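The values are calculated or read from the model by the stated rules, or taken from the named source; none is laboratory data. If you're wondering where the values come from, they're calculated on a predicted model, not measured in any experiment. Cβ placement follows ideal geometry from the backbone for every residue including glycine, while neighbour counts extend to all protein chains displayed.
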Amino acid sequence: MDIPLMSMALSQGQVQQQASISVMRKAMDQAEGNAEFINKMMSGSQVHALQHAAQLHLGGHIDIKG
């Protein structure tokens, strides 16, 4: 049984786990920020502006030749 080798492998595993958790936390923080931004954009009078921005081609021309 090689104790130093096992110790190094365990240490590397712990570092990899800590790195994975750190990346996951950053991704979750970014997702939370994106959700807050979307909620802010969807509130109140900004809904109309957001809908117009999503569909620029609508409402620009009116056919009155009836």
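Points to keep in mind about this one:
- Being in a helix (DSSP H, G or I), surrounded by 10 or more Cβ atoms within 10 Å (Cβ to Cβ) and either touching a His at 6+ places or on another chain (Cβ under 8 Å) or modelled with pLDDT of 75 or more (or both) is a property that Ala49 lacks.
Residues are listed down the side, and each one gets a yes or a no for (1) among the β-branched types (Val, Ile, Thr); (2) modelled with pLDDT under 90; (3) outside any helix (DSSP H, G or I):
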site	(1), (2), (3)
Val15	yes, no, no
Ser22	no, no, no
Gly44	no, yes, yes
His61	no, yes, yes
